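Report on the following structure.
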Amino acid sequence: MFQVGDKIVHPMHGAGVVDSIVSKKVNGVVREYYILKIPVGGMLVMIPTENSREIGVRPVMDKEKTDRLLEAMPGIQVENVQNWNQRYRENMMRIKSGDLMEVARVVKSLMMRDGARGLSTGERKMLHSAKQILISELVLSQNASYEDMEARINTALS
């Protein structure tokens, strides 16, 4: 179980700090929830404590691991799937995996596609979301600013 002040990651919303743990009655059932404050965008996310592991909630990676991730980003290999539907499903599975390297792969793939052909509205939203997830964890792990991490990612993935 996480404690108030812990830095954690929700696979679909990104990284944040446990602001509080509260009991709420939802659909007639009282449950405990982590209130996750995500600094990027200032969003608050309620995560049920009892199934947070199944959702894929995990601690933020340490600085050493994210240093290695940043170094590996330029060499990330991406597939060029032509079928929009298949590409979207594969990218969504990568994001949901919670694996930051897979999220970086999605960001790189969509950035390359955007530069070459442009993106559909759905893929543009996915790129924005994946980038937010990636940046939010790197900001907390590296103790850096959002702007600095975004610039480093853009340089590493372009």
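The values are calculated or read from the model by the stated rules, or taken from the named source; none is laboratory data. The shown structure was predicted, so the numbers you read here are calculated from the model rather than taken from an experiment. For neighbour counting, all protein chains shown are included, and Cβ atoms are generated from backbone atoms with ideal geometry for every residue, glycine included. We work out accessible area using only protein heavy atoms, side chains counted, and drop any ligands, DNA or RNA first. Shrake-Rupley method; radii C 1.70, N 1.55, O 1.52, S 1.80 Å.
For this structure, a couple of remarks:
- Tallying residues that are surrounded by 14 or more Cβ atoms within 10 Å (Cβ to Cβ), under 18 Å from the mean Cα position of the chain (by Cα) and either farther than 26 Å from R152 by Cα or of a type in the set (D, E) (or both) within the stretch 24-55 yields 6.
- Residue tally, condition at pLDDT 90 or above, surrounded by fewer than 12 Cβ atoms within 10 Å (Cβ to Cβ) and aliphatic (A, V, I, L, M), over the stretch 107-150: 0
- The stretch 134-158, residues that are more than 15 Å from T66 (Cβ to Cβ) and not in a helix (DSSP H, G or I): S158
- Hits in the stretch 78-89 - residues which are out of contact with any helix residue (DSSP H, G or I) (no Cβ under 6 Å at 6 or more places or on another chain) and either closer than 17 Å to D114 by Cβ or in contact (Cβ under 8 Å) with a residue 24 or more places away in the chain (or both): E79, N80, Q82, W84, R87, Y88
- Residues in the stretch 56-97 that are in a loop (DSSP other than H, G, I, E, B) and surrounded by 12 or more Cβ atoms within 10 Å (Cβ to Cβ): G56, V57, V60, M61, I76, V78, V81, S97.
- When E102 is tested against (1) of a type in the set (D, E, K, R); (2) in contact (Cβ under 8 Å) with a residue 12 or more places away in the chain; (3) farther than 30 Å from K24 by Cβ, only condition (2) is not met.
- Figure legend. Inter-residue proximity from the stretch 16-33: first residues under 12 Å from I47 (Cα atoms), second residues surrounded by 10 or more Cβ atoms within 10 Å (Cβ to Cβ) and hydroxyl-bearing (S, T, Y), beta-carbon distance below 6 Å, spacing 6+ or different chains. Indicated pairs: V18/Y34; I21/Y34; V22/Y33; K24/Y33; E32/T49.
- Candidates are the residues of the stretch 1-23 that are closer than 27 Å to A130 by Cβ and aliphatic (A, V, I, L, M); the one that is most open to solvent (accessible area, probe 1.4 Å) is M12.
- Any hit, the stretch 124-133, residues being hydrophobic (A, V, I, L, M, F, W, C), assigned to a helix (DSSP H, G or I) and in contact (Cβ under 8 Å) with a residue 60 or more places away in the chain: yes
- If you go through the stretch 112-156 and keep only what is acidic (D, E) and out of contact with any strand residue (DSSP E or B) (no Cβ under 9 Å at 6 or more places or on another chain), you end up with D114, E123, E147, D148, E150.
- Scanning the stretch 1-55 for residues that are part of a strand (DSSP E or B) and in contact with a His (Cβ under 8 Å, 6 or more places away or on another chain) turns up G16, L36, I38, M43, V45, I47.
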